[in-house]
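Structure, as structure tokens:
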Amino acid sequence: MDLLELSRQLADRTARTPRKLGQAPYRTLQLAATEPGETPYDVVYEESPVRLRRYDPEGTTDATPVVIAYAFINDPSILDFSADRSVVGQFLERGIPVYIVDWGDPSPIDRSLGLEDYVTRFLANCVDAVREQEGAESVHLLGYSTSVPLVVAYAALFPDRVRTLVLQGPPIDFRAGDDMELFRTLADGHDHEQVTRVFDAVPTPLLEVGLACRKPVEYTVTEPLRLWDRLDDPAFVEERGRKLEWGLGGPDVPARLYREFVGDLLLENRLIENELRLGVQQVDLSAIDAPTLLALGEDDRFVPREASIPILEEIGSDETETIELPTGHVGLSVAEVAHERGWPRIVDWLLKRD
């Protein structure tokens, strides 16, 4: 940046400061009051702590339903971020019934729930409930972030119930890429067994601290400064408020699920190595024969491309595709570019395989 441009930006920031100070109380209220979630839904199945949401498509339809298993460490409201940036809305507008697995907030009595429960019980029962309600033999199954290993395991164990498989920001190979190395270092640097002895359900703030440690400057300096810099932009403040509400609203994680995810998947990498067992069942990735689509963010700092692509070499499907967008991990759900260029392509891809 040349000296003239730097001077211009400093002058602009200085001129805007009094106005931002005057608007700060109102913008703070706006930030606190804004939350994601625009589309009404019905809860059509419950099995504590899990709930299955159904969103009605526009008009009558015979399209195959899509079942979305959102990250179990976050609230699924990010999928319905705003009226013009809603993943749910992208499907509904094209006549596809949408079901979201809301993993819910576990209580202390749920501490013994593990990967086997989440895959072969909760996810399996939710898919069966959708199949029964829609009269469908199989579903389009979409997994996002930390729920991708659950969705992949389900697709390997119940391949006949999966019409297509969409993996959004998928962490698969935890030994690939520098960012995943930092994940492992953070996980290996604390006693996850001790954590689960202390907590029946690992609290969300503890998980947030772990994520913040990966990008400390981004979380503690860059983001607050970016908000201050655009405090006089009501649209930007509203968007930040929606993200803040979503980020603070994540559920706790049952102790056993936390221990197995960190131990079996993150540290031991058993899923991609075909060594993961759920009870008496072996998860064999080669059993996945459904058309599979990866949706990746080119700027994803949480799950790099190297941690996602290896799944395509292990599954049995001979029909695979990758969509990469110039955005980050959360941006895959909320960025303007994702809704202009990404989700329409994903919906088209599903409808062609209906």
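The values are calculated or read from the model by the stated rules, or taken from the named source; none is laboratory data. Here the structure is a predicted model, which is why all the values come from computation and not from measurement. Note that we place each Cβ from the backbone using ideal geometry, even for glycine, and neighbour counts take in every protein chain shown.
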Which condition breaks for A307 when tested against (1) surrounded by fewer than 21 Cβ atoms within 10 Å (Cβ to Cβ); (2) at pLDDT below 95? (1)
Scanning for something surrounded by fewer than 18 Cβ atoms within 10 Å (Cβ to Cβ), closer than 20 Å to E47 by Cα and either touching a Leu at 6+ places or on another chain (Cβ under 9 Å) or not acidic (D, E) (or both), does region 129-141 turn up at least one residue? yes
Residue in region 85-95 that is outside any helix (DSSP H, G or I), under 22 Å from G169 (Cα atoms) and either modelled with pLDDT of 95 or more or not acidic (D, E) (or both) present: yes
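For region 315-346, which residues satisfy the criterion of being part of a helix (DSSP H, G or I) and either of a type in the set (S, T, N, Q) or buried (at least 19 other Cβ atoms within 10 Å of the Cβ) (or both)? Break it down stepwise before answering.
Start the filter on region 315-346 by keeping residues that are part of a helix (DSSP H, G or I), which leaves 331-334, 336-346.
Answer for region 315-346, where residues must be part of a helix (DSSP H, G or I) and either of a type in the set (S, T, N, Q) or buried (at least 19 other Cβ atoms within 10 Å of the Cβ) (or both): G331, L332, S333, V334, A338, H339, G342, W343, I346.
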Scan region 118-140 and report the pairs whose first residue is in contact (Cβ under 8 Å) with a residue 12 or more places away in the chain and whose second residue is acidic (D, E) and in a helix (DSSP H, G or I), with Cβ atoms within less than 9 Å and a gap of 6+ or a chain change. E137/D160; S138/D160
Filtered residues of region 66-109 (kept if acidic (D, E) and under 29 Å from E260 (Cα atoms)): D75, D102, D105
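On the given criteria, is S112 closer than 26 Å to R256 by Cβ and not hydrophobic (A, V, I, L, M, F, W, C)? Reasoning before the result, please.
On the way: closer than 26 Å to R256 by Cβ: yes; not hydrophobic (A, V, I, L, M, F, W, C): yes.
The answer is yes for S112.
In contact with a His (Cβ under 8 Å, 6 or more places away or on another chain), touching a residue at least 60 places away in the same chain (Cβ under 8 Å) and surrounded by 24 or more Cβ atoms within 10 Å (Cβ to Cβ): does that describe G169? Lay out the reasoning, then the answer.
On the way: in contact with a His (Cβ under 8 Å, 6 or more places away or on another chain): yes; touching a residue at least 60 places away in the same chain (Cβ under 8 Å): yes; surrounded by 24 or more Cβ atoms within 10 Å (Cβ to Cβ): yes.
Against the criterion (in contact with a His (Cβ under 8 Å, 6 or more places away or on another chain), touching a residue at least 60 places away in the same chain (Cβ under 8 Å) and surrounded by 24 or more Cβ atoms within 10 Å (Cβ to Cβ)), G169 qualifies.
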Tally the residues that are closer than 22 Å to V119 by Cβ, over 15 Å from the mean Cα position of the chain (by Cα) and assigned to a loop (DSSP other than H, G, I, E, B), restricting the search to region 279-314. 9
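Given the structure, is E116 at pLDDT 95 or above, surrounded by fewer than 24 Cβ atoms within 10 Å (Cβ to Cβ) and either among the aromatic types (F, W, Y) or not in a helix (DSSP H, G or I) (or both)? Spell out the reasoning first.
Numbers: at pLDDT 95 or above: yes; surrounded by fewer than 24 Cβ atoms within 10 Å (Cβ to Cβ): yes; either among the aromatic types (F, W, Y) or not in a helix (DSSP H, G or I) (or both): no.
Criteria not met by E116.
Criterion first (surrounded by fewer than 22 Cβ atoms within 10 Å (Cβ to Cβ), part of a loop (DSSP other than H, G, I, E, B), among the charged types (D, E, K, R) and touching a residue at least 40 places away in the same chain (Cβ under 8 Å)) does R353 satisfy it? Walk me through how you get there before you give the answer.
Working: surrounded by fewer than 22 Cβ atoms within 10 Å (Cβ to Cβ): yes; part of a loop (DSSP other than H, G, I, E, B): yes; among the charged types (D, E, K, R): yes; touching a residue at least 40 places away in the same chain (Cβ under 8 Å): yes.
So R353 passes the test.
Can you confirm whether L257 is touching a helix residue (DSSP H, G or I) at 6+ places or on another chain (Cβ under 7 Å), at pLDDT 90 or above and within 30 Å of S86 (Cβ to Cβ)?
Details: touching a helix residue (DSSP H, G or I) at 6+ places or on another chain (Cβ under 7 Å): yes; at pLDDT 90 or above: yes; within 30 Å of S86 (Cβ to Cβ): yes.
Yes, satisfied.
Residues in region 117-130: is at least one of a type in the set (K, R), over 25 Å from V330 (Cα atoms) and within 22 Å of the chain's Cα centre (by Cα)? Even if it seems obvious, please write down each step before you answer.
Of region 117-130, the ones of a type in the set (K, R) are 121.
Still in the running and over 25 Å from V330 (Cα atoms): 121.
Retained after the next criterion (residues that are within 22 Å of the chain's Cα centre (by Cα)): 121.
Yes.
Take the residues of region 60-74 that are among the β-branched types (V, I, T) and surrounded by 24 or more Cβ atoms within 10 Å (Cβ to Cβ): which is farthest from R131 (Cα to Cα)?
I68
Can you name the residue in region 250-280 that is surrounded by fewer than 16 Cβ atoms within 10 Å (Cβ to Cβ) and in contact (Cβ under 8 Å) with a residue 40 or more places away in the chain and is also nearest to L79 (Cα to Cα) among such residues? Full working, then the answer.
Here is the first cut: in region 250-280, the residues surrounded by fewer than 16 Cβ atoms within 10 Å (Cβ to Cβ) are 263, 268, 273-275, 277, 279-280.
Okay, now just the ones that are also in contact (Cβ under 8 Å) with a residue 40 or more places away in the chain, so 263, 274, 279.
Working: G263: 29, N274: 30, G279: 32 Å.
Once the filter is applied, the top-ranked residue is G263.
Taking region 150-163 as the search range and keeping residues that are touching a strand residue (DSSP E or B) at 6+ places or on another chain (Cβ under 8 Å) and either buried (at least 24 other Cβ atoms within 10 Å of the Cβ) or of a type in the set (A, V, I, L, M, F, W, C) (or both), which one is farthest from I288 (Cα to Cα)? First the steps, then the outcome.
Step one: of region 150-163, the residues touching a strand residue (DSSP E or B) at 6+ places or on another chain (Cβ under 8 Å) are 150-155, 157, 161-163.
Within this subset, residues satisfying the condition of being either buried (at least 24 other Cβ atoms within 10 Å of the Cβ) or of a type in the set (A, V, I, L, M, F, W, C) (or both) are 150-155, 157, 162.
On the way: L150: 13, V151: 11, V152: 8, A153: 9, Y154: 9, A155: 6, L157: 8, V162: 9 Å.
Only one residue tops the list, namely L150.
Taking region 45-72 on its own, how many of its residues are within 25 Å of T120 (Cα to Cα) and of a type in the set (G, A, S)? Outline the logic, then answer.
The initial filter retains those residues of region 45-72 that are within 25 Å of T120 (Cα to Cα), namely 45-55, 64-72.
Then drop every residue that is not of a type in the set (G, A, S), which leaves 48, 69, 71.
Of the residues in region 45-72, 3 are within 25 Å of T120 (Cα to Cα) and of a type in the set (G, A, S).
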